[in-house]
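Colleague: Structure incoming, see below.
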Protein chains: 2
Amino acid sequence: MVRARSEERRTDILRAALEVIAERGYRGATLGAVAERVGLTQQGLLHYFPTKEALLVGVLEERDRWDTSGGRDREGWRLDLLESLVEYNAMRPGIVQTFSALLGESVTDGHPAREFFTERYAQVRVNMADILRAEFGERLPGGLTPERAAPLLTAVMDGLQYQWLLDPSAVDMPGAFRDFLRLLGGDGTR
Amino acid sequence: MVRARSEERRTDILRAALEVIAERGYRGATLGAVAERVGLTQQGLLHYFPTKEALLVGVLEERDRWDTSGGRDREGWRLDLLESLVEYNAMRPGIVQTFSALLGESVTDGHPAREFFTERYAQVRVNMADILRAEFGERLPGGLTPERAAPLLTAVMDGLQYQWLLDPSAVDMPGAFRDFLRLLGGDGTR
């Protein structure tokens, strides 16, 4: 019972953190603002998440859980669901900004989110290879295998997010992603 | 004469900053360490670069100048020179880390490097389209034009850097980049 309530409170905090981040961006989001929204003192919040980084990693893990439940069906991920995920991301710059800013920080030495991202990308590349194999089989254009195309698919998604966040009017993120899928499909029609 | 000496000192500072960043990473690089290396007081350094961000943007601009002079010939950029640039980057994780961390920060609201990156990417996409047109003509696989493939080429370069920085043993950055060029070339041989 105590554990259930504690879990519930944790979820409330993550939801509040996501809202605050969406409104104010990653820099503007303070532990104080999150605590206030969820009706805790800052000290009370620190009991659940001891640092701002820990809270942000929590938000990212929660985001991955949501996206995973929304973006896959019983047979796992599919390429068209990935396409929908990119369209969905184009409607929520706040969380994409948070993710991209944290990814950028995470490559610096000793950053608290580094391990999260390193493990996440290893898993993402495996998932992407599965998706590509299911859609295109063993041989992709250019003689690529699903495993060799997987880091490219991942890189395109991340790289487009930066260009789009910097200048949304100059970059059509979902359109560019579909263009890349056309390259992988090996023809002009897909 | 005074201006020439001031320019020279500015170049010395940027070179020292690049060395310090390569050794300690972006977070570890302090204005004090850069000042010490170049034989200035921190106050003296602030005369040339008033903030750490300004110094880092200076380093990035200088990096673009070097890469531009090394990576293009009289006719401008070429795709094989871009391939060499990615290979070169794979040998200097320090500067790639600096670039990637700053790009990540720059997408947050009001960041001092935001304008630099927004303008840089607009220019990079134009350059990439020129390179693609020179190499492949007007029609790329998937019915893409050089202008539509340009943000993808840019995204792949950036996105691969993050994956490679997080786990160099898991991602062969130059190899993956060549794979992407194979996709753009429309066949297995290029």
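The values are calculated or read from the model by the stated rules, or taken from the named source; none is laboratory data. These figures come from a predicted structure and were not determined experimentally. With ideal geometry, Cβ positions are generated from the backbone for all residues, glycine too; neighbour counts draw on all protein chains shown.
Residue-wise test of (1) more than 14 Å from chain B (Cβ to nearest Cβ); (2) outside any helix (DSSP H, G or I); (3) surrounded by 14 or more Cβ atoms within 10 Å (Cβ to Cβ); (4) modelled with pLDDT of 90 or more.
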position: A:Glu23; (1), (2), (3), (4): no, no, no, no
position: A:Ala33; (1), (2), (3), (4): yes, no, yes, yes
position: A:Leu40; (1), (2), (3), (4): yes, yes, yes, yes
position: A:His47; (1), (2), (3), (4): yes, no, no, yes
position: A:Val57; (1), (2), (3), (4): yes, no, yes, no
position: A:Glu62; (1), (2), (3), (4): yes, no, yes, no
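Colleague: Of everything in region B:1-21 that's surrounded by 16 or more Cβ atoms within 10 Å (Cβ to Cβ) and hydrophobic (A, V, I, L, M, F, W, C), which residue is nearest to A:Gly104 (Cα to Cα)?
Modeller: Top of the filtered list is B:Ile21.
Colleague: Taking the residues in region B:68-126 that are assigned to a loop (DSSP other than H, G, I, E, B) and among the aliphatic types (A, V, I, L, M) as candidates, determine which candidate is modelled with the lowest pLDDT.
Modeller: That would be B:Ala113.
Colleague: Across region B:92-136, which residue is surrounded by the fewest Cβ atoms within 10 Å (Cβ to Cβ) among those that are hydrophobic (A, V, I, L, M, F, W, C) and within 7 Å of another protein chain (Cβ to nearest Cβ)?
Modeller: Within region B:92-136, the match that is surrounded by the fewest Cβ atoms within 10 Å (Cβ to Cβ) is B:Ala122.
Colleague: Looking only at region B:136-147, filter to residues that are of a type outside the set (Ser, Thr, Tyr) and out of contact with any Gly (no Cβ under 8 Å at 6 or more places or on another chain); which one of those is farthest from A:Trp164 (Cα to Cα)?
Modeller: Result: B:Gly137.
Colleague: Looking only at residues in region B:137-148 that are facing chain A (nearest Cβ under 7 Å) and within 26 Å of the chain's Cα centre (by Cα), which one is farthest from B:Val124 (Cα to Cα)?
Modeller: So, considering only residues that are facing chain A (nearest Cβ under 7 Å) and within 26 Å of the chain's Cα centre (by Cα), the one farthest from B:Val124 (Cα to Cα) is B:Leu144.
Colleague: Please go through region B:154-190 and pick out each residue that is more than 7 Å from chain A (Cβ to nearest Cβ), free of Cβ contacts under 8 Å to residues at least 40 places away in the same chain and not in a loop (DSSP other than H, G, I, E, B).
Modeller: B:Gly175
Colleague: Then there is this: Can you give me the number of residues within region B:142-151 that are free of Cβ contacts under 8 Å to residues at least 24 places away in the same chain and either assigned to a helix (DSSP H, G or I) or within 19 Å of A:Met128 (Cβ to Cβ) (or both)?
Modeller: Looking only at that region, the number is 5.
Colleague: Do any residues in region A:111-139 that are in contact (Cβ under 8 Å) with a residue 12 or more places away in the chain and of a type in the set (Gly, Ala, Ser) have Cβ atoms under 6 Å from those of residues that are surrounded by fewer than 18 Cβ atoms within 10 Å (Cβ to Cβ) and assigned to a helix (DSSP H, G or I), where the two are at least six apart or on different chains, and which pairs are they?
Modeller: A:Ala129/A:Glu147
Colleague: Spot the failing condition for A:Val156; the list is (1) crowded, with 21+ Cβ neighbours inside 10 Å; (2) closer than 17 Å to B:Ala170 by Cβ, and only one is missed.
Modeller: (2)
Colleague: Looking at region B:162-178, can you tell me whether even one residue there is modelled with pLDDT of 95 or more, crowded, with 19+ Cβ neighbours inside 10 Å and more than 30 Å from A:Asp109 (Cα to Cα)?
Modeller: Within region B:162-178, not a single residue is modelled with pLDDT of 95 or more, crowded, with 19+ Cβ neighbours inside 10 Å and more than 30 Å from A:Asp109 (Cα to Cα).
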